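Q: First the structure, then my questions, so here it is.
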Amino acid sequence: MSDPRLVLVAHGTRNPAGVEVIAALADAVAPHVGPVRVAFVDVLGPSPSEVLRDVDGPVVVVPAFLASGYHVHADVPREIAESGHDDVHVTRALGPDLDLARVLRDRLEQIGWTTGDRIVLAAAGSSDVRALDDVHTAADQLAAVTGSAVTVAYVATGEPRAADLVPTLKTTGEKVFVASYLLAPGLFHTRLQSAGADGVTEPLGLHGGVVQLLVDRYREGVDVISAAAARSRRERPDSGPQ
């Protein structure tokens with residue numbers, strides 16, 4: 001069996017810089033896993049179903065989402081069903097993950113954060129409670145790797161909003177740093193930069209830890225596909241000469 005192809009599924013954005021980051025991530029992962037295809041569930045194409053119809057053989061789909069809401073739980077399975085491809089394994093979403101928490105800590109240290117400074121983990125937000133739960137899990141993981149208090153805030157959907165929370169925390173006299181829980185630059189990240197924090201991290205983007213996590217997710221998927229293929233061979237009736 002040839003190695004499964006990796007299809008990296010992202011949200012999609014009208015911001016060219018955001019699209020470039022996803023393409024660059026695919027390029028960075030490719031030397032470790034082989035050719036990578038990119039698909040988007042919203043805003044622009046190609047869609048996952050379009051990409052999957054163009055790929056032969058087993059496929060590992062990695063949802064490049066930092067939390068699992070409607071897009072991961074509904075859009076991705078629907079797109080796979082519409083594609084008609086019958087050999088696809090969907091991995092866990094990219095986040096939350098302790099490896100991402102370590103990337104965030106690295107990003108914070110790069111902008112001058114030190115232990116004891118207040119951290120606001122700022123995510124895009126969602127109307128899906130499962131995604132909001134994932135963001136709180138990410139905050140707990142970040143608190144564990146930094147040893148500092150971490151408060152959750154949102155840019156678009158959810159409360160509290162980062163633009164409201166940061167000024168409130170600043171009144172205590174503490175230094176407040178925003179950990180941008182965003183994968184790529186765009187409007188949401190621009191909003192965070194104007195919230196009044198002492199520093200705002202860059203999006204997770206092309207950090208080596210993100211690249212390695214994508215590779216790890218792919219390899220998890222390959223292991224599942226390989227195990228399923230081996231199980232199928234064991235269960236197949238002997239078709240040799242009688």
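Q: At pLDDT 95 or above, under 30 Å from Val60 (Cβ atoms) and β-branched (Val, Ile, Thr) - does that describe any residue in the range 166-176?
A: Within the range 166-176, not a single residue is at pLDDT 95 or above, under 30 Å from Val60 (Cβ atoms) and β-branched (Val, Ile, Thr).
Q: Sticking with this structure for a sec: Collect the residues in the range 144-178 that are more than 11 Å from Gly125 (Cα to Cα) and touching a Ser or Thr at 6+ places or on another chain (Cβ under 8 Å), keeping them in residue-number order. Let's see the steps before the verdict.
A: Here is the first cut: in the range 144-178, the ones more than 11 Å from Gly125 (Cα to Cα) are 144-151, 163-178.
The answer is Thr146, Gly147, Ser148, Ala163, Leu165, Leu169, Phe177, Val178.
Q: Those residues that are crowded, with 19+ Cβ neighbours inside 10 Å, at pLDDT below 95 and of a type in the set (S, T, N, Q), I need them from the range 90-139; list them, please.
A: Across the range 90-139, the qualifying residue is only Ser126.
Q: Also, I was wondering about something else. Among the residues of the range 197-206, is there at least one that is in contact with a helix residue (DSSP H, G or I) (Cβ under 8 Å, 6 or more places away or on another chain), open to solvent by 40 Å² or more (accessible area, probe 1.4 Å), in a helix (DSSP H, G or I) and within 28 Å of Phe40 (Cα to Cα)?
A: For the range 197-206, residues in contact with a helix residue (DSSP H, G or I) (Cβ under 8 Å, 6 or more places away or on another chain), open to solvent by 40 Å² or more (accessible area, probe 1.4 Å), in a helix (DSSP H, G or I) and within 28 Å of Phe40 (Cα to Cα): absent.
Q: Does any residue in the range 165-178 that is part of a loop (DSSP other than H, G, I, E, B) come within less than 9 Å, Cβ to Cβ, of a residue that is surrounded by fewer than 16 Cβ atoms within 10 Å (Cβ to Cβ) and not aromatic (Phe, Trp, Tyr) six or more places away or on a different chain, and which pairs are these?
A: Qualifying pairs under 9 Å: Glu174/Gly116; Lys175/Gly112; Lys175/Thr114; Lys175/Gly116.
Q: Continuing with this model, one more query. What are the residues in the range 83-105 that are within 21 Å of Ala162 (Cα to Cα) and not in a loop (DSSP other than H, G, I, E, B), if any? Explain how you work it out, then say what you get.
A: First pass over the range 83-105, keeping only residues within 21 Å of Ala162 (Cα to Cα): 95-96, 100-101, 103-105.
Leu100, Ala101, Val103, Leu104, Arg105, listed by residue number.
Q: Right, another one. Quick check on the range 32-39. Is at least one of its residues open to solvent by 20 Å² or more (accessible area, probe 1.4 Å), under 19 Å from Arg217 (Cβ atoms) and small (Gly, Ala, Ser)?
A: Looking for residues that are open to solvent by 20 Å² or more (accessible area, probe 1.4 Å), under 19 Å from Arg217 (Cβ atoms) and small (Gly, Ala, Ser), one finds at least one in the range 32-39, hence yes.
Q: Could you list, in sequence order, the residues of the range 150-186 that are surrounded by fewer than 17 Cβ atoms within 10 Å (Cβ to Cβ) and in contact with a strand residue (DSSP E or B) (Cβ under 6 Å, 6 or more places away or on another chain)?
A: Answer for the range 150-186, where residues must be surrounded by fewer than 17 Cβ atoms within 10 Å (Cβ to Cβ) and in contact with a strand residue (DSSP E or B) (Cβ under 6 Å, 6 or more places away or on another chain): Ala156, Thr157, Pro160, Lys170, Glu174.
Q: If you go through the range 47-72 one residue at a time, how many are under 26 Å from Thr157 (Cβ atoms) and surrounded by fewer than 15 Cβ atoms within 10 Å (Cβ to Cβ)?
A: So the answer is 1.
Q: Hey, another quick one. If you go through the range 31-77, how many residues are assigned to a helix (DSSP H, G or I) and of a type in the set (Phe, Trp, Tyr)?
A: Within the range 31-77, the first condition is being assigned to a helix (DSSP H, G or I), and the residues that meet it are 31-33, 48-53, 70-77.
Filter once more, keeping what is of a type in the set (Phe, Trp, Tyr): 70.
Number of matching residues: 1.
The values are calculated or read from the model by the stated rules, or taken from the named source; none is laboratory data. Since the model is a prediction, treat every value here as computed from it, not as a measurement. Cβ sites come from the backbone with ideal geometry, for glycine too, and all protein chains shown count toward neighbours. Quick note on the areas: whole protein, heavy atoms, side chains included, nothing else; ligands and nucleic acids left out. Shrake-Rupley method; radii C 1.70, N 1.55, O 1.52, S 1.80 Å.
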